[in-house]
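One structure is given below, encoded as structure tokens.
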Amino acid sequence: MTSFSSKHRPEIIQQLSNTPFDVLVIGGGITGAGIALDASARGLKVALVDMQDFAGGTSSRSTKLIHGGLRYLKQLELKLVAEVGKEREIVHRNAPHLTKPEPMLLPIIKQGSLGLFSARIGMWIYEWLAGVKKEEWHKVLSVEETLKREPLLNRTNLLGGILFYEYRTDDARLTIEVMKEAVSKGAVALNYSKVTSFKYIDGKISGAIIQDQIGNETFEISASYVVNSTGPWVDDLDDLDNSKATHKLHITKGVHLVVDHHKLPIHQSVYFDTPDKRMLFVIPREGKTYIGTTDTFYHDDIKHPTITDEDRAYLLNCVNSFFPNSQISISDVESGWAGLRPLINKPGKGPSEISRKDEVFMYDSGLLTIAGGKLTGYRKMAQRITNIIAKRIEDATGKQQVACITEHTQLSGGKIKSDISFSDFISLKIKEGVALKLSVKEAEILVNRYGSNVDVIFKLIQQLNETETSAMPVMLRAQIVYSIENEMCLTPSDFFIRRTGALYFDIALVKTWQKETTAYMQQHLLWNDELMKAFNEALQQNIEEVERLSR
Ligand code: FAD
């Protein structure tokens, strides 16, 4: 079995350099992770590299919904709506710990973008296309019922509401669980390893040259098929290929802000109209409420999209005009993130009008590029790419290839026995956590975050309680050790942003344990002084960027 531990980085580099792979996947966001899982589940030998941490690009910066794409109905994207709508259920089934049904309230207001009648027609079409199960069909609410569900709404202008279901997720953790599952099926994956050029044999792509971003060494990976799934960077990678591919992306930026829940104490998620006829979400999560998103064309640094004063003012203005009773000010903003949508270029269209569909591009060199798409549809995108590779292998070898099996592949953390419901599983594990002296809340966070892998965390807690005394909570230490050894967590920012989401949803925890976490990781990973300094500074910068949002 291959390792997904940061402690084994040198051995993993050796393995990547010495193995002839069937497929090299470039990019460890949700798209690349999905392809690595699909291909390795079919028995192909897969390598995957990412120049940053896994999910370090768009896949940790979304609205964090596994959703049916209701709004794409307006653009008559019927195929997209049908596909992502159906995928919701599959993602939920295979990773119930990471995808929770989320009742969503759509208030209907005078002069809003949807009337009650058009919204109902839209809902019917959507539910039919997406095959929504009966218990999650929408309900139409009167004004009183709407206000009862969400008392914060403004009664003036309210015509009623529609209640429907989406699924809430943790995008970065979903990506990492998909990657862990791929690795458990034999894929070899490495973060902080950048493709700087490609290798060719007789004009056909045969691998890539990789620059290790930590140790600074260069190594080569050989593979029969190479996939460019680098999201907002796909054009840059295509430029490295000799195919002279035309640029295909239109990048738009989306920003989210986080406030404490008591500043915007919504009872549930709301999908509401903005003064400029767009729609925004407000979503409660872990004692906070997050608000998003903007949608503006973006031409700056892809690696570090930032939140401007205009982005922040726009979101606060929208939320304050729809929820006039809770006036949120700049100083209430605790955190936030900006993400880039890698959309397929359609000249003449506005940012919100460009299709969210994915598209595959095949070049003479053999390079396969996939761009566009949604977090929700990652499995189908992976299936499309892997089908192309399987067909090429069949044509070249005459050997029939295995079909896609990921519809029924439970993800890492999702392996809950079928004789127990997920809510019973949670209750059972909370009891086990409490027996280890965790509070109910702590145990609940761990079970929901790690699903069926929580047993490993509990075991670590037990071991650490027996072997260590520390001011740092054992729950935090156990997660650090787990993420280093099982999730290729390498830096404090990896831990606080993509393994736990704490930078966004529990900034107080990050600030309290910043120094101790870095020291504890150093103890386990034995960084040299230079790395220690660089990682410390990176985390400090992440904290300062978030703190700047409230000034
Ligand atoms: P990325 O996650 O960006 O991954 C690409 C990776 O490639 C990066 O990690 C990068 O480091 C790596 N890379 C780049 N160059 C190199 C190189 N030279 N060598 C090695 N690696 C390299 N979808 C939903 O389904 N639900 C939502 O609620 C939702 N909300 C969204 C909200 C916003 C604001 C945005 C921006 C998007 C949202 N999406 C949503 C869409 C979804 O997040 C994206 O479609 C998806 O995350 C894209 O994943 P990706 O793997 O293609 O790209």
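Okay, here's what the table says:
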{"quantity": "Unit charges at the beta carbon, dipole of the chain: most positive-side option, Ala47, Thr376, Val481", "calculated": "Thr376"}
{"quantity": "Surface share of carbon and sulfur [accessible, 1.4 angstrom probe, percent] for the chain", "calculated": "53 percent"}
{"quantity": "Shape call, the range 275-319: gyration tensor on alpha carbons, a/c limit 1.5", "calculated": "oblate"}
{"quantity": "Whole-number percent relative contact order across the range 1-152, with pairs defined as alpha carbons under 8 Å at least 6 apart", "calculated": "16 percent"}
{"quantity": "Filter on Lys45/Lys204; Lys7/Lys533; Lys417/Lys511 - keep pairs with C-alpha separation over 30 Å", "calculated": "Lys417/Lys511"}
{"quantity": "Electrostatic dipole magnitude of the range 100-145 [Cβ: Lys, Arg +1; Asp, Glu -1; Cα centre; debye, to 20]", "calculated": "100 debye"}
{"quantity": "Extended-chain gain in nm, criterion 0.36 nm per residue less alpha-carbon gap, Asp419 and Thr397", "calculated": "3.6 nm"}
{"quantity": "CD proxy at 222 nm, helix term only [per DSSP H run n ≥ 4: -39500 (n - 2.57); per residue of the chain; nearest 500]", "calculated": "-12000 deg cm²/dmol"}
{"quantity": "Global form of the range 478-551, assessed from the alpha-carbon gyration tensor, a/c cut-off 1.5", "calculated": "oblate"}
{"quantity": "Environment charge at Leu438 (Cβ cut-off 12 Å; Lys +1, Arg +1, Asp -1, Glu -1)", "calculated": "+1"}
{"quantity": "Probe 1.4 Å, all protein chains present, accessible-area order of Cys489, Cys404, largest first", "calculated": "Cys404, Cys489"}
{"quantity": "Ranked packing of 325-332, 36-43, most packed first, by mean Cβ within 10 Å", "calculated": "36-43, 325-332"}
{"quantity": "Whole-Å distance, taken between Cα centres, linking the range 402-434 and the range 472-551", "calculated": "28 Å"}
{"quantity": "Accessible area of Arg88 in the full protein assembly, 1.4 Å probe (Å², nearest 10)", "calculated": "10 Å²"}
{"quantity": "Accessible area expressed per residue, the range 270-318, with surrounding protein chains retained (probe 1.4 Å, Å²)", "calculated": "42 Å²"}
{"quantity": "Mean Cα-pair separation over length for the range 111-252, i.e. relative contact order, pairs under 8 Å, 6 or more apart, %", "calculated": "12 percent"}
{"quantity": "Global geometry of the range 385-534, whether rounded, prolate or oblate, following the gyration tensor of its Cα atoms and the 1.5 cut on a/c", "calculated": "oblate"}
{"quantity": "Pairs beyond 21 Å (Cα-Cα), from Lys79/Lys374; Lys288/Lys459; Lys100/Lys441; Lys110/Lys374", "calculated": "Lys288/Lys459; Lys110/Lys374"}
{"quantity": "For the range 69-126: accessible area per residue (Å², 1.4 Å)", "calculated": "43 Å²"}
{"quantity": "About the Cα centre, charge dipole magnitude for the range 1-147 (Lys/Arg +1, Asp/Glu -1 at Cβ), debye", "calculated": "140 debye"}
{"quantity": "Percent antiparallel among DSSP beta bridges (both partners in the chain, rounded to 5)", "calculated": "80 percent"}
{"quantity": "The range 17-63 - accessible surface per residue (Å², probe 1.4 Å)", "calculated": "20 Å²"}
{"quantity": "Selected from Pro103, Pro492, Ala502, residue furthest toward positive end of dipole (the chain; charges at beta carbon)", "calculated": "Pro103"}
{"quantity": "Dipole magnitude of the chain about its Cα centre (Cβ charges: Lys, Arg +1; Asp, Glu -1), debye to nearest 20", "calculated": "1440 debye"}
{"quantity": "Pairwise FRET efficiency - Glu544 versus Val456, Cβ, R0 = 56 Å, nearest 0.05", "calculated": "0.95"}
{"quantity": "Added length on full extension, which subtracts the Cα-Cα distance from 0.36 nm per residue, Ile125 to Asn18", "calculated": "33.3 nm"}
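The values are calculated or read from the model by the stated rules, or taken from the named source; none is laboratory data. Note that this is a predicted model, so its numbers are computed, not measured. Cβ sites come from the backbone with ideal geometry, for glycine too, and all protein chains shown count toward neighbours. These accessible areas exclude ligands, DNA and RNA; they are computed on the full protein's heavy atoms, side chains included. Shrake-Rupley method; radii C 1.70, N 1.55, O 1.52, S 1.80 Å.
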